[in-house]
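Here's the structure we're looking at; comments come further down.
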Amino acid sequence: MLPPETALWNFVEAAVRDVFRAYNFQEIRTPIFEETALFARGVGEETDIVAKEMYTWNDGERFDEDALRKEWISRGDTENRLYVEGTTPVNTYLNPLRLLLINHRPPRSGSGPVKPELVCFRAQVTPEAVELLLRARAHTRSAEFVRQYGGDALYLQTAGLRIVVPSGTADSATWIDTQEVEIEQFQARTPVFKSSQSLTLRPENTAGVVRAYIQHDLEKRGLNKLYYIGPQFRRERPQKGRYRQFYQIGAEVIGPASAGSESPARDAEVLEMLATLLDRLGITDWNLELNSVGTPADRAGFNEALRKALEPVAATMCADCQRRAVTNPLRVFDCKVPEDQSIIETLPRITQFLGEESRKHFDAVQEILTKVGVRFSLNDRLVRGLDYYTRTAFEFTHGALGAQNAILGGGRYDGLSEALGGPAAPGIGFAIGEDRLVMSLKATAEGVLRKPDVYVAPMAGMNGDAARLARELRRHDLVIELGDDGFRLKKSFEAATKAGAKYILIVGENEVKADAFALKNLATGEQVSVARAELARKIQGR
Ligand code: HAM
């Protein structure tokens with residue numbers, strides 16, 4: 001992004017901060033990358049975002065197991081064992097292969113029991129590794145082992161992995177022998193890391209905000225109204241309005257139910273704020289599409305009905321839909337394959353399955369919107385592409401955007417905090433695609449860019465005096481472009497015109513002596529001599 005276009009982005013962001021302030025939102029800044037499991041659990045493993053679009057890598061210290069083995073051997077330690085553990089790879093970045101290299105020193109006479117040295121590292125799962133894993137799993141789990149190497153074992157558990165440990169204690173366990181496990185086999189394919197962690201460039205920011213809510217105990221503050229502006233990353237096929245690094249402007253209202261976080265008034269307020277923002281930016285031809293995706297209980301019934309309806313037809317649908325029909329039927333509504341659309345049209349809709357509470361909540365949101373004069377249309381196919389949504393779900397679309405017509409999307413996520421291990425914390429929020437927002441503006445960069453008020457043109461040897469004058473004028477909130485005394489007057493005039501300055505101010509020896517300067521209006525050609533003390537007022541036209 002280059003100037004002058006960045007002026008449009010600044011224009012948008014300034015309006016955003018201004019409007020959000022009026023609704024008492026405050027800024028939160030979360031990290032650009034987080035632990036992979038946060039997004040997998042928060043956004044949902046079956047969503048396109050998690051299944052296909054995340055930028056994920058293993059972050060850890062390089063581990064040189066060969067050097068370590070040599071060191072052990074040189075110390076006269078004899079028994080090096082390698083143990084492999086992990087689970088069948090559903091998601092390789094969630095379940096990386098875990099290897100434990102164990103140095104089991106032979107006990108010396110007179111010394112007490114020896115504690116084996118243990119180094120643990122992780123690698124990506126390969127087909128060969130799976131074979132080994134299955135064999136390793138034959139060695140059953142042992143609580144004793146977990147106790148002995150508790151730290152590492154616990155880490156495994158928090159990463160959502162099942163633990164496979166050998167039977168018996170570390171001393172009596174039957175280990176897979178190093179000879180059997182060709183460690184180089186893994187090394188050749190992918191580097192292995194000591195205690196590596198799987199990290200992901202954030203594909204969205206709601207999970208990060210809720211993680212922060214839990215981690216920093218934001219519950220204590222009651223209702224949190226937070227907003228953010230920043231880059232997000234998804235490996236999608238790039239096209240107009242769809243990028244791999246894109247920017248979101250988002251907001252989240254989250255807190256304990258006792259702080260009113262569940263109230264339909266919050267849903268309506270957020271939607272009304274968005275309407276206000278778009279109007280303020282001069283974007284008027286938007287359409288607000290509204291739906292309720294119900295509570296998890298409502299959705300259980302819906303999922304059942306969807307599964308039934310999909311059973312006879314799934315085989316004729318795309319591969320993704322065939323999988324979704326089994327794992328997460330709701331996600332069938334995300335399908336973009338044209339041939340599948342006629343089938344999807346015939347599927348049951350969530351609105352038929354809303355319970356009394358959900359319906360009342362949804363009605364209340366609509367009632368407030370109508371009262372405050374925010375127009376909307378109901379769309380019962382709208383389920384949104386992320387798993388955390390409950391009840392209100394919405395999108396604002398804009399005709400001028402073409403295929404990627406969703407300028408923003410959002411909704412409630414009443415169970416997200418609990419799904420991430422936090423307290424109950426109902427919430428609602430949205431994210432605007434800033435790239436798309438800028439594309440739908442009628443305003444132009446030239447129109448919002450603030451051009452220099454004055455081009456200060458120093459005559460030969462006058463750089464210092466010109467800089468002093470520029471400094472004084474900038475204190476009056478004027479935009480000053482400062483020239484160079486190496487320029488002849490003609491070149492200074494050209495530079496001033498090119499910069500789009502309103503005035504040119506000549507700083508020569510005589511002017512400094514008289515403490516009055518030649519100020520020329522570049523549009524009208526009018527030139528006057530103005531005393532230093534009067535300059536700012538004259539330029540501001542006061
Ligand atoms: P989302 O619908 O995935 O929701 O993204 C929100 C908006 O980000 C989209 O409507 C679109 O304007 C923009 N966007 C998404 N992907 C791209 C892309 N590849 N290129 C350009 N723009 C894109 C969320 O992200 C949720 N976190 C919103 C939310 C907040 N829900 C509750 N709170």
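Just so it is clear, none of the values below were taken in a lab; they were calculated from the coordinates. None of the values given here were measured: they were computed from a predicted structure. Neighbour counts run over all protein chains shown; Cβ positions are idealised from the backbone, glycine included.
On full extension, the segment bounded by Q239 and L347 gains 35.9 nm, given 0.36 nm per residue less the C-alpha separation.
As an exercise, use a Förster radius of 41 Å and the Cβ-Cβ distance of T444 and A533 to find the FRET efficiency, rounded to the nearest 0.05.
0.65
Under a model in which nothing but the beta-carbon of Lys, Arg (+1) and Asp, Glu (-1) is charged, the stretch 208-275 shows a dipole of about 600 debye around its Cα centre.
Using the Karplus relation 6.51 cos²θ - 1.76 cosθ + 1.60 with θ = phi - 60°, the per-residue 3J(HN,Hα) values for the stretch 296-313 come to x, 5, 4, 6, 4, x, 4, 4, 4, 5, 5, 4, 4, 5, 7, 3, x, 10 Hz, with x marking Gly and Pro.
Hydrodynamic radius of the stretch 395-440 by the Kirkwood approach over all distinct alpha-carbon pairs: 12.1 Å. For the stretch 428-496, the list of trypsin sites (Lys or Arg not before Pro) that fall in a loop by DSSP and count at most 16 other C-beta atoms within 10 angstrom reads K442, R450, R475, R488.
Site pair Q26 and A514 shows an inter-label distance of 5.6 nm when each label is modelled 7 Å from Cα along Cα→Cβ. Charges at C-beta only: +1 for Lys and Arg, -1 for Asp and Glu. How large is the resulting dipole of the stretch 380-439 about its Cα centre, in Debye rounded to 20? Dipole size: approximately 120 debye. Our coupling estimate for the stretch 315-326, obtained by passing each phi through the Karplus curve with A = 6.51, B = -1.76, C = 1.60 and θ = phi - 60°, is 4, 8, 9, 5, 4, 4, 5, 4, 6, 4, 3, 8 Hz, Gly and Pro reported as x. Proximity of backbone amide H atoms, modeled 1.01 Å from N, is registered between G294 and R391 at under 5 Å, excluding neighbours fewer than 5 places apart on the same chain.
The spacing between the stretch 324-382 and the stretch 1-25, judged by their C-alpha centroids, is 32 Å.
Here is the size of the stretch 244-386 from its Cα atoms: Rg then Dmax, 17.5, 50 Å. A full extension of the chain between K360 and E13 corresponds to an added length of 121.4 nm, given 0.36 nm per residue minus the alpha carbon distance. Positive end of the dipole of the stretch 371-481 (Cβ unit charges, origin at the Cα centre): among G411, A466, Y388, the Cα lying farthest that way belongs to G411. Taking every alpha-carbon pair under 8 Å whose residues sit at least 6 apart, the stretch 416-542 reaches a relative contact order of 21 percent. Taking K and R as +1 and D and E as -1, what net charge do the other residues with C-beta under 12 Å from the C-beta of L469 add up to? Residues close to L469 contribute a combined charge of +1. The calculated FRET efficiency for N521 paired with T276, based on their beta-carbon distance and R0 = 51 Å, is about 0.85.
Remark: L449, L226 ranked as L449, L226, counting other beta-carbon atoms within 10 Å and listing the fewest first. Rounded to whole numbers, the Karplus 3J(HN,Hα) couplings from phi for the stretch 13-19 are 5, 5, 5, 4, 4, 5, 5 Hz, using 6.51 cos²θ - 1.76 cosθ + 1.60 with θ = phi - 60°, and x at Gly and Pro. Mean separation of Cα pairs under 8 Å and 6 or more residues apart, divided by the residue count, gives the stretch 191-279 a relative contact order of 25 percent.
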